[in-house]
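The values are calculated or read from the model by the stated rules, or taken from the named source; none is laboratory data. What you are looking at is a predicted structure, and each value in this text was computed from that prediction instead of being measured. As a convention, Cβ positions derive from the backbone with ideal geometry for all residues, glycine included, and neighbour counts pool all protein chains shown. To get the accessible areas, we keep the full protein, side chains included, count just its heavy atoms, and leave off ligands, DNA and RNA. Shrake-Rupley method; radii C 1.70, N 1.55, O 1.52, S 1.80 Å.
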Amino acid sequence: MTSAAQPVKPILDYIYDHEATHPDAIYLTQPTGGGQVIDYTWRQVLDQARRMATHLRDRGLGNGDRVAILSKNCAHFFMAELAVWMAGCTTVAIFPTERAETVQFVLEHSEAKLLFVGKLDTWEQQRPGVAAGMPRIAFPLSPNDADCGEKWDDIAARTQPMAGRPARAADDLAMLIYTSGSTGQPKGAMHSFGHISAVGAASLKAVDVSGADRYLSYLPLAHVFERGVVECATFVSGARVFFAESLDTFIADLRRARPTVFHSVPRLWLKFQHGVFAKMPPKKLDFLLSIPILGKIVGRKVLDGLGLDQVRIALSGSAPIPAELITWYRRLGLNLLEGYAMTEDFAYSHFSQEGKSAPGYVGMPMPGVEVKISEEGEVLIKSPGQMVGYYKRPDLNAEAFTDDGFFRTGDKGERRADGMLKITGRVKEQFKTAKGKYVAPAPIENRLNNCPLIELSMVSGVGQSAAYAMVVLAEEQRKQVGTPEARAHIETELGKLLDDVNAELPDYEHLRMLVIAPEPWSIENGFLTPTMKIKRSRIESVVGEKLNGWYEAKGKVLWG
């Protein structure tokens, strides 16, 4: 494996080669509403990017100046990133669901000189976080608001495209990726062109992806998972990218794309499963899948209904996924593989592959990745995609790396003799109850999340007599809680689940009760990060004053 320190083909060269060798091949497909789409070829994508690069340079930007992008996933996000790179600048993407105060923090902390405003649902709430003097450029799908800035299309129409193959040095910063804030204030991970180019080249060798493949881009591009696994991966491979229009049109967008490579996060894989169960009870589906010939037909029909019938590489990442959920998808005929990586290694660490995968394990190290387990059980990683460091935070850099250059992931893990890695929880998420022993939440939450009645869970109980779990009911269950009979049924089933889970745990990890959350956890109400990880500290602080009452109450299942 070629490391980031050795010469590798720059990522921009892959892009210029696609422009030269197959300029009229469709690269990006953007829905515009009402079932309509716009296709952009490599020639058109690069022409737009070159024009915007000229404009940025005409504004005096370059030499690593930070340029921010606030937008949901869309074709112009890709074009803007390329324009920023060709102009000699560094991109700073902001999650499109962030509140005004976080938008303001990222813009100020990164010292951004210009902001691209794109496709957004809550611009009116976010706008106060953008300083009045901040120059702005509006994507075609941006809100119809003068405050979004001058229109992209107007600039492109009057500006000549930048010529040639503008290059960037390996040590130049390509992007600052701000963490999604599950552990507090976002941190800006610095990634250089050398690192992302090395990851691009290595990924192309390790994973069988080509220009004939199709992706659907819908997870936030501000997150490293989507940025590395979709955007940069297709910059290198030339694969086609379709975009999702909205949550309401997601299934139609998925069916339009018929992706051959599809990635998601555990919560969405779980929601897909619950959607299937809403149409067919789990026991009936399980019976049908157990019949040899009919099972394959039923599995294909279920995958076809989800728009996943042509997927040959299915990946789950960003958070632990229950092993039972992976097994369920594999019974349908979808070989769901789990991966493991972080913002700090540019999503390049571990990946399950054919013949090297097992439910509950995140796979083998990718080529060039070194891994070891510390004496405390923490997973330590050295990756070709390793960040340069945290922007303006030398104090955090010192804490984040070992003396021999391994990144401290904060995850606890175990390795099999063959190198397969299992993540067993977060070092900092472990807590002690009054029994004096540590409880690891993640494995218990995975057991709970495997229940069809539950969408999400959180295990907590610092200093209490025993741990407890809060659970969010699955959508179908939430619709039925209006009647006493339905509530009684849910309480009975969750009580059985509590007994079953406790039977598998050591005494000191037993759950005292399950508490049903009064409302779903979402990005909008601040209980989930933009990549749908639970914000433990936020949930714990909100329910803190209720804890004593819960522990004094009788019963296994309580309504929060």
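Distance between the 7 Å Cα→Cβ label points at Thr159 and Glu399: 4.0 nm. For the chain, the antiparallel share of DSSP beta bridges with both residues in that region comes to about 55%.
Backbone phi angles across segment 120-133, fed through the Karplus curve with coefficients 6.51, -1.76 and 1.60 (θ = phi - 60°), yield HN-Hα couplings of 9, 9, 10, 4, 4, 7, 8, 3, x, x, 9, 4, 4, x Hz in residue order; Gly and Pro are listed as x. Accessible area per residue for segment 297-374, computed on protein heavy atoms with a 1.4 Å probe, is 37 Å². Based on protein heavy atoms only, segment 438-528 ends up with 40 Å² per residue of surface accessible to a 1.4 Å probe.
Counting only protein heavy atoms and a 1.4 Å probe, tell me what percentage of the chain's accessible area is made up of carbon and sulfur. Answer for the chain is 51 percent, counting heavy atoms of protein chains only.
Taking the square roots of five times each eigenvalue of the Cα gyration tensor of segment 387-515, the equivalent ellipsoid has semi-axes of 35, 18, 15 Å, listed largest first.
Residues in segment 72-172 average 41 Å² of solvent-accessible surface per residue, probe 1.4 Å, ligands and nucleic acids excluded. Note on segment 2-159: Cα-Cα pairs beyond 26 Å make up 28% of the total pair count. Is the shape of segment 334-426 rounded, prolate or oblate, going by the alpha carbon gyration tensor and its root eigenvalues a ≥ b ≥ c, with a/c under 1.5 for rounded and a/b larger than b/c for prolate? Since a/c reaches 1.5 and a/b is larger than b/c, the shape of segment 334-426 is classed as prolate.
Only protein heavy atoms count here; under a 1.4 Å probe, Lys271 has an accessible surface of about 70 Å².
The number of Lys pairs in segment 156-307 with C-alpha atoms less than 28 Å apart, excluding pairs fewer than 8 positions apart on the same chain, is 11. Between amide H atoms placed 1.01 Å from N, distances below 5 Å from Leu61 occur with no residue 5 or more places distant or on a separate chain.
From the Kirkwood radius over Cα pairs of segment 446-560, Stokes-Einstein at 25 °C and 0.890 mPa s returns a whole-number translational diffusion coefficient of 168 µm²/s. Taking the structure as given and computing percent of Cα pairs over 45 Å apart, which label from (1) 15; (2) 26; (3) 41 fits? It is the value labelled (1). Counting other Cβ atoms within 10 Å, keep those with at most 12, restrict to DSSP loop, and tell me which GluC sites (Glu not before Pro) in segment 315-408 are left. Filter output for segment 315-408: Glu354, Glu375, Glu376.
For the peptides 299-309, 517-527, residues were scored by their other Cβ atoms within 10 Å and the scores averaged per peptide; the highest-first order is 299-309, 517-527.
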